[in-house]
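Single-structure report; data block below.
The values are calculated or read from the model by the stated rules, or taken from the named source; none is laboratory data. Everything quoted here is computed from the prediction, not taken from an experiment. Backbone-built Cβ (ideal geometry, glycine too); neighbour counts: all protein chains shown. Side chains are part of the model used for accessible areas, which takes the heavy atoms of the whole protein and leaves out ligands, DNA and RNA. Shrake-Rupley method; radii C 1.70, N 1.55, O 1.52, S 1.80 Å.
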Amino acid sequence: MFGMRVSAGFCWALLPVLGVVSACGSDETPTHKIRRNKGDTQVADSLSVGDGGDDQLGSDGGDDVLAGDVDSSGDGLGLPDGATGDTGSLGDAPSPGDGTQHGDVMPYGDGATFGDGLLSGDSFVPGDPLTTDSNPPYGDFASGDDNWPGDPNDPWDPGDPFPPGDPFASGDTYFGDGGAASAQLQNVREMAALVGSGTLAVNLPVAHAYVTYVAPAIGDEPAGFFLQERAADPAVFVSVAVESLSPVPQVGDEVSLTVTEVAMADKLPKAMAVMNLDILSVDNDIPSLVTNVTYASDLLTALSNYDSRMIALTATITEEFAAAGREHLSARIVTPGIPAATTFFRLRLPTTLVEGLDLRTGCQVTLHGTPLWRYSDTAQPSAWRDLDLPATAASCAPPALLSATPLGPTEVLLTFDRRIEPTSVIDPSTQFSLTPALAVLAADVAGRLVTLTTATQVPSQAYDLEVDASVQDVLGAGISPTANSASFTGFATAPCLPAVVISQIYAGGGNGGAPYTNDFVELHNRSTLAVDLSAWSVQTTSAAGTSWTKTDLSGLLQPGAYYLIQMAAGSTPSGTLPTPDLVGTSAMGATAGKVALVYDQVQLSGACPTMSVMDLVGYGATACHEGTAGTVAPSNTTSVQRLNTGCMDSNSNPADFATIAPTPHNSSSPANSCLCQ
């Protein structure tokens with residue numbers, strides 16, 4: 001098996017070194033045979049020199065000495081016992097006079113005789129390759145010999161033994177007693193673990209592994225593919241775009257390759273470069289490699305046993321999603337196996353996937369087979385594509401109608417707590433009913449907002465609106481029967497009080513995934529008259545803050561016009577705002593805070609001041625706001641925007657604002673005339 005020959009007289013001295021047990025013959029016939037196990041302690045009484053029946057060196061050429069045995073002085077293993085030159089078996093604790101320590105390079109003649117397969121220069125360390133010698137004797141292990149662990153020119157075969165002490169072996173045998181590629185992938189992982197920073201050049205073969213998943217590049221995450229052989233065995237992420245390889249590997253391919261560079265990135269072992277890629281077979285059964293970890297309680301404590309492996313799980317989201325790297329969001333989750341929410345267990349998804357499915361607190365998701373990602377000690381079950389987490393694999397509470405607000409004589413704006421599926425609105429005249437009777441002529445769906453076009457409303461008339469259950473959210477759930485109605489008063493022209501309002505707040509600038517480098521505050525003049533801002537100010541503070549940062553305004557704001565105030569920049573440069581009308585320095589909280597429009601330039605104080613405040617917006621979780629609560633929390637990728645393009649003002653932050661992608665306007669943007677005086 002190892003491509004060697006040995007003389008009978010030296011068979012027992014060498015084969016235990018290789019982890020092989022074999023009968024090679026002897027010049028004497030022992031009176032009895034005792035097969036000793038690894039780790040046995042041997043005493044002098046049963047191992048005296050010349051004892052033809054003891055399983056040890058002496059005149060019995062067939063004694064069995066296994067790696068790991070502890071040798072006592074005078075037991076037939078050291079120089080004083082008459083076995084000249086004997087050094088014991090690999091892994092033994094040396095006795096006085098042995099002359100060889102574990103891991104020593106053994107020169108020719110010291111503990112190895114002609115035919116042993118060991119020459120000067122051969123490394124005797126378990127798992128190291130034995131290099132080609134210029135004049136090897138019989139049995140010398142050379143590069144390319146079959147099944148020598150660590151030889152880069154020959155792969156492991158199922159069932160191959162490893163030398164005692166080899167780091168990849170369980171019980172000093174081949175990893176898992178089968179599955180050659182699993183041991184090789186573990187080898188890659190352990191070599192990556194040696195890298196403190198940067199990369200390490202290696203020459204590690206991997207044969208008969210399967211491509212389980214091909215990941216696209218998203219945000220800061222590189223493209224690559226995952227390799228695994230068996231469901232319960234190690235896996236490795238190869239940080240190489242498949243398009244750069246020839247042939248191009250695909251999911252289901254059985255491949256062989258050589259890893260030439262490894263790295264450890266935030267505790268995730270990675271193969272950074274490969275060569276000699278060969279596709280051995282295609283269309284293999286990858287679902288059979290998936291491990292369902294829904295009930296796994298050791299997913300966090302034994303994370304290194306799971307990362308990069310194909311997993312399935314069903315989990316419940318316990319908080320709103322927050323930024324987790326560029327173009328990614330994450331939220332804490334719980335499963336039956338890990339029922340308590342922890343920051344070390346998070347669902348991580350592309351921003352587009354979270355927003356497309358409108359995933360929020362309380363939603364349940366099922367991943368049917370994706371690799372387990374990790375960031376340091378945090379397990380991050382992940383999806384990369386829509387197909388990884390289709391709408392049928394997620395469920396949330398049914399959508400609820402929050403409010404109905406007239407925008408004009410023939411328009412009513414409906415606000416829901418979940419995104420509405422546009423294709424579910426087929427016949428607005430029957431799916432939206434008004435009492436007293438008022439015809440609904442059309443419906444325009446935009447995320448959580450639905451704008452109805454109606455017949456002309458009776459000014460100040462009280463209307464009740466009901467939404468049919470056939471109107472569904474993006475996951476296919478119909479409107480909740482207990483939250484499908486709202487009331488409003490028919491539109492009537494009213495004065496614009498206040499004339500100027502805060503129309504948009506974006507506070508995630510320069511954070512991971514942010515579309516803009518800077519935060520901003522936008523104002524809008526709802527009235528038909530120009531407003532002088534030269535004595536006004538915009539002031540900001542944190543959600544619980546009492547010290548406010550003031551930005552003094554200037555200039556004349558025309559009817560229907562906007563006013564853009566650029567605020568502080570984040571640490572990650574991204575998009576540039578339209579030309580601001582004013583530049584401030586306020587650094588605002590990305591997901592929660594307070595912004596006040598003040599008609600003087602005196603700095604505010606206190607948690608929720610009212611003096612001189614023209615307009616106030618509490619966004620996210622804050623106790624200071626207009627109405628019953630703050631707006632829905634924004635993120636690095638969303639802003640809070642006043643409805644009806646800045647015209648809506650019912651003195652209720654949650655009713656007047658929507659949280660959507662930022663769309664900054666400045667004084668050069670088209671004016672938006674509100675139907676008020």
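Placing unit charges on C-beta atoms (Lys and Arg positive, Asp and Glu negative, everything else neutral), compute the dipole magnitude of region 410-533 about its Cα centre in debye, rounded to 20.
Working: 4 positive and 12 negative charges, 24 e Å.
Dipole magnitude for region 410-533 comes out near 120 debye.
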(message) Quick one: 3J(HN,Hα) in Hz for region 190-205, Karplus 6.51/-1.76/1.60 with θ = phi - 60°, rounded, Gly and Pro as x.
(response) 6, 5, 5, 5, 7, 8, x, 8, x, 10, 10, 6, 9, 9, 10, x
(request) Quick one: which residues, 5+ away or cross-chain, put their amide H under 5 Å from the amide H of A383? H built at 1.01 Å from N. (result) R348
(request) May I ask for the net charge around Q539, where only other residues with Cβ less than 9 Å from the Cβ of Q539 are counted and Lys, Arg are +1 while Asp, Glu are -1? (result) +2
(request) List, in order, the whole-Hz ³J(HN,Hα) value for each residue of region 607-616 obtained from phi through the Karplus relation with A = 6.51, B = -1.76, C = 1.60 and θ = phi - 60°; use x for Gly and Pro. (result) 6, 8, x, 10, 4, 6, 7, 7, 8, 9
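Rounded, prolate or oblate, given the Cα gyration tensor of region 396-505, with a/c below 1.5 counting as rounded? Walk me through the numbers on the way to the answer.
Details: a/c = 2.01, a/b = 1.35, b/c = 1.49.
Since a/c reaches 1.5 but b/c is at least a/b, the shape of region 396-505 is classed as oblate.
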(message) Could you compute how much accessible surface E221 exposes when probed at 1.4 Å, giving the result in Å² to the nearest 10?
(response) 40
(message) If you average the alpha carbon positions of region 208-268 and of region 418-491, how far apart do those two centres end up, in angstrom?
(response) 49
(request) Grab the beta carbon distance between T546 and A442, set R0 = 51 Å, and tell me the FRET efficiency rounded to 0.05. (result) 0.60
(message) Run the paramagnetic zone check for C676: 7 angstrom along Cα to Cβ, then residues of region 453-496 with backbone nitrogen under 13 Å.
(response) 492-496
(request) In whole Hz, with x marking every Gly and Pro, tabulate ³J(HN,Hα) for region 455-466 from phi via Karplus 6.51 cos²θ - 1.76 cosθ + 1.60, θ = phi - 60°. (result) 5, 4, 6, 7, x, 6, 6, 7, 10, 10, 10, 10
(request) With a point put 7 Å past each Cα toward its Cβ, work out how far I426 is from T366 in nm, to one decimal. (result) 2.6
(request) May I ask you to derive the FRET efficiency for T294 and V458 from their Cβ-Cβ distance with R0 = 60 Å, giving the value to the nearest 0.05? (result) 0.60
(message) Report the Cα centroid-to-centroid distance between region 336-382 and region 620-661 in angstrom, as an integer.
(response) 27
